[in-house]
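The next block holds one structure in the form of structure tokens; read it before the comments.
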Amino acid sequence: MVTLASRIRLEDRECPLSTTVQHVGEWWTLLILHDAFDGYTRFDQFQESLGISSSMLTTRLKTLVADGLLERRPYRTNPVRHEYVLTELGRSLRPVIVALAAWGNARLTPAERSMILVDTHSGEEVEPVVVDARTGRRLDDSDTYVFTAGPAASDAMRNRYTTRPRTSMDEA
């Protein structure tokens, strides 16, 4: 089996995107988290909803618990049965899941959308966007907002951002 670390370039091992993908970049993981946000907590609920094999679900749930995204709690003692509840860290991923779903829906006509995000009070569909918390400006413009090396960046990470390809904004 190839480990994820061997598939990541050396300079990306400190990249928050690469390290996040180690936790949530697997297909079933995102779907399990989506179900957890919808209130599913029990093994049989996840399995029925997703149509996933018992062994794959067991593996993914163990990983989510080990990564601190879900907490495994007993809900019955005889026989012992456990539920899987989102932790604070797991709940903090909701905006990411919402943004991914919104991205997918943006490529469909309204009639083609099988799932939409609505305001629970008004019932109206909402359009999620990612914004800068300080200014409220949308972050979807890659000419205006770019990644750069942070204070803890290694030489490899600093080099990545000093040698990145020029954008159309750079050339203007």
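When all C-alpha to C-alpha distances in the range 57-140 are sorted into bins of 5 Å, what percent of pairs does each bin hold, rounded to whole numbers?
That works out to 3, 11, 14, 15, 16, 14, 13, 8, 4, 2, 0, in percent per bin.
Return the tail of the calculated pair distribution for the chain, meaning the percent of Cα-Cα pairs more than 30 Å apart.
Numbers: 5074 of 14706 pairs.
Roughly 35 percent, rounded to a whole number.
Please return the longest range in the chain lying between exposed loop sites, taking trypsin sites (Lys or Arg not before Pro), DSSP loop only, at most 15 other beta-carbon atoms within 10 Å, and leaving the sites out. All intermediate terms of the calculation are to be shown ahead of the outcome.
Numbers: sites that count: R9, R13, R107, R113, R134, R137, R166.
In short, 14-106.
Å³ per residue of the Cα convex hull, for the range 124-166? Let's see the in-between values first.
Values: hull volume 5.0 nm³, N = 43.
Taking only Cα atoms, the range 124-166 has a hull volume of 117 Å³ per residue.
If you roll a 1.4 Å probe over the heavy atoms of the protein chains, what accessible area per residue do you get for the range 1-159, in Å²?
Accessible surface, normalised per residue, equals 71 Å².
Could you give each residue of the range 92-101 its phi-based ³J(HN,Hα) in whole Hz, using Karplus coefficients 6.51, -1.76, 1.60 with θ = phi - 60°, and x for Gly or Pro?
Rounded to whole hertz, the list is 5, 7, 3, x, 5, 5, 4, 5, 5, 5.
Under the 0.36 nm per residue contour assumption, what length would be gained going from the current alpha-carbon distance of A99 and N78 to full extension? Show your work: numbers first, answer last.
Values: separation 21, 0.36 × 21 = 7.56 nm, distance 4.07 nm.
Once the chain is fully extended between A99 and N78, it gains 3.5 nm.
Springs between alpha-carbon atoms under 10 Å, Gaussian network over the chain: tell me which of A106, A149, A133 tops the mean-square fluctuations.
Checking each option, the largest mean-square fluctuation is seen for A133.
Counting only protein heavy atoms and a 1.4 Å probe, tell me what percentage of the range 68-172's accessible area is made up of carbon and sulfur. Let's see the in-between values first.
Details: 4420 of 8270 Å².
Roughly 53 percent of what the probe reaches on the range 68-172 is carbon or sulfur.
At 7 Å along Cα-to-Cβ for each site, give me the label-to-label distance between S55 and E125 in nm.
Computed distance between label sites S55 and E125 equals 4.1 nm.
In a Gaussian network model over the chain where Cα atoms closer than 10 Å are linked, find which of V85, V118, V129 has the largest mean-square fluctuation.
Result for the chain, Cα springs under 10 Å: V118 fluctuates most.
Compute the length gained on full extension between Y161 and R107: take 0.36 nm times their separation in residues and subtract their Cα-Cα distance, giving the result in nm to one decimal. Walk me through the numbers before you get to the answer.
Values: separation 54, 0.36 × 54 = 19.44 nm, distance 3.07 nm.
This chain segment gains 16.4 nm when fully extended.
The values are calculated or read from the model by the stated rules, or taken from the named source; none is laboratory data. This structure is a prediction, so every number in the text was calculated from the model and none was measured. Every residue, glycine among them, receives a Cβ derived from its backbone with ideal geometry; neighbour counts consider all protein chains shown. Accessible surface is based on the protein model in full, side chains and every heavy atom, while ligands, DNA and RNA are left aside. Shrake-Rupley method; radii C 1.70, N 1.55, O 1.52, S 1.80 Å.
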